[in-house]
Amino acid sequence: MCWMCDHPGATDRDYNRYLQQLIDIHGWAVQGVERDGARPPWAYTVGLTPHLRPELVVTGMGLARATEVLNIVAGHLLHAEVPEPGTQARLAEGPLVELVEVTAPWAHLNMAVEFYGRGIRSLQLVHADGHGHWPWDPAYRGVRGGQPVLGPREPLERRRRVG
């Protein structure tokens, strides 16, 4: 699953060229970060910034599923208004999500920073578990290591459900 592992002798520059090719073809790429011990996997987009859209991130979800979710939302985002943080929606064939503005995207989205600098914006797709519980709910049951939330939840009056 690791591109560098599958390409012995490749350099960081080679990997950056590979990501740029994906961005050129699809409009964005998804960068995955494997589980590390108790730390859950996570994934994020690289390439939405030039479209004046925030990069997207998902934590605490397997990389294949996270890639699928990010691709669906990124494809929609290129042709729609950017939803406000606090927006909740059930994704088609996907989980219930709430958008949270990432407080310090430059600390979490390394490849997006590599391409576009520290001024990037990001929204996290925080996902409910199979019973509709959020990571901030005591009854939440997610993956081992949980689902780190990378920004504050919007106050109740700013939350809204769409779709």
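Rule-based calculations on the coordinates, nothing more; no lab input. On a predicted model such as this, the values are computed, not experimentally measured, just so you know. Quick reminder, even Gly has a Cβ in these numbers, built from the backbone with ideal geometry, and neighbours come from all protein chains shown.
Annotations for the structure displayed:
- Mean Cβ neighbour count within 10 Å, used as a protection proxy, ranking 46-58, 77-89 highest first: 46-58, 77-89
- With at most 16 neighbouring Cβ atoms within 10 Å, loop chymotrypsin sites (Phe, Trp or Tyr not before Pro) (DSSP) excluded, longest segment of the chain: 1-135
- Using only the C-alpha atoms, the convex hull of the chain corresponds to 121 Å³ per residue.
- Share, in percent, of DSSP beta bridges within region 1-155 that are antiparallel, nearest 5: 85 percent
- Computed from Cα atoms, the angle from the helix 12-26 axis to the main principal axis of the chain rounds to 60 degrees.
- Only DSSP H runs of four or more residues enter the estimate; each adds -39500 (n - 2.57), and after division by the residues of the chain the mean residue ellipticity at 222 nm equals -7500 deg cm²/dmol.
- Value of relative contact order over region 3-162, rounded to a whole percent, pairs C-alpha under 8 Å and six or more apart: 22 percent
- Under 5 Å, built H, 5+ apart or other chain: amide partners of residue 160: 87, 88
- For region 80-87, the Karplus equation 6.51 cos²θ - 1.76 cosθ + 1.60, evaluated at θ = phi - 60°, returns couplings of 9, 5, 6, x, 6, x, x, 6 Hz by residue, with Gly and Pro reported as x.
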